[in-house]
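Data block below; observations after.
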Amino acid sequence: MGIELDKQRALEAAVQKQHDMNTQYHAYTEADAFTFNGVQEFSVLDFWRYSYCQLKNLQGAIAEYLVARALGISKAENINSWTGYDLSCGSKRIEVKSTSYVHTWNKNKVSKARTFNIAPSSNYYWFGGLDRNGKESARQNEIYVFCLNSNQDIASANPLVLDDWEFYVVPTFRIDAFCIKRGNPNQKTISLNIVRGLAFRAVKWNELCTAIHDTIKLIDQHVLELDAKAGS
C-alpha cells in the first residue's frame, strides 16, 4: 500500500474506535420517568415535549438527524463528547451543516444570504494528537453534507416537510482545494452558491444515502490517486 492509503486506513480504524466509544451510552426512551421517593412523577416524553416542541429552532439538529436516518444510523455519535465531526459512515467522518430561509425571528421577510461554517478546528480532542497531516488544526471530516431548507414562505415553513430539504454532498478535499486556490486555506465560511458549484448536484432526502456512498468511493479513489502521483 502507498503512504496515503496507509494513513487513510489508520484514520479509519481510529474513527471506528471512536464510533464504538461514542455510542456506548444509555439512550433514554419515552418510557423512562423522573421519580420522587421512588414514585414516577413525569416522563422523559413530557420533558421532550416541553424543551423541544418548537422544532423551527432546531433545524441544525433536524438536519443531522435526517442525514443519520438516510444512512440508517439510529444512535448519535456526538451526544456525550465533542468529536470534531457529527457522524461516521464507512469509517468516514461526516460533518453536517444546515441553513434555511425562514427562522422563528422572521416576521415579514425571509433571510437571503445563506452561508455555512467550514472553519478548521483542533483534532486533539478526538484523535489524541495532531491530525493525519501533522497540522495542529484542519477540517476534521472527510465529507460535508450541506443541508438547505428551501421553503421561503414564512407561513408554511415546516422543518418536518422532507420535500423542502435539499442536500449537497461534497468531499472535504474539494473544499480544501477551493480554499487553497483562493489563498485562504483556513477559510471559515462558504456560500450556498459556492457549495452548489462544488457539489455534484442537489439531492433530495431519498437520494441522500446513495450520494454519500458515491462520495465515499470518490474519497477512496482520491487517496489512490495521491499515492499514484507520489509514486510517479
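Just rank S88, S43, fewest to most, by other beta-carbon atoms within 10 angstrom.
S43, S88
With label points built 7 Å along Cα→Cβ from the Cα atoms of S122 and Y25, find their separation and express it in nm.
2.0 nm
What dipole magnitude, in Debye to the nearest 20, does the stretch 62-117 give about its Cα centre under +1 on Lys/Arg Cβ and -1 on Asp/Glu Cβ?
Once rounded to the nearest 20, the dipole reads 320 debye.
Rounded to the nearest 500, what is the 222 nm mean residue ellipticity of the chain from helices alone, with -39500 (n - 2.57) per DSSP H run of 4+ residues and division by all residues?
Result for the chain: -12000 deg cm²/dmol, rounded to the nearest 500.
For the stretch 1-127, what percent of Cα pairs sit more than 19 Å apart?
65 percent
Taking the simple approach of a point 7 Å from Cα along Cα-to-Cβ for both N106 and E207, what is their distance in nm?
Label-label distance for N106 and E207, simple model: 2.3 nm.
May I ask you to list the lysines whose Cα is less than 28 Å away from that of K204, ignoring any residue fewer than eight positions away on the same chain?
Reachable lysines: K56, K75, K92, K97, K107, K109, K112, K188, K217.
So how tilted is helix 59-70 from the main axis of the chain? Cα-based, degrees 0 to 90, rounded to 10.
70 degrees
Of all DSSP beta bridges in the chain, what percent run antiparallel (nearest 5)?
75 percent
Laboratory data are not the source of any read-out in this text; all were calculated from the coordinates shown. Only a predicted model underlies this, so the values are computations on that prediction, with no experimental measurement involved. Using ideal geometry, Cβ is built from the backbone for each residue, glycine included, and neighbour counts are taken over all protein chains shown.
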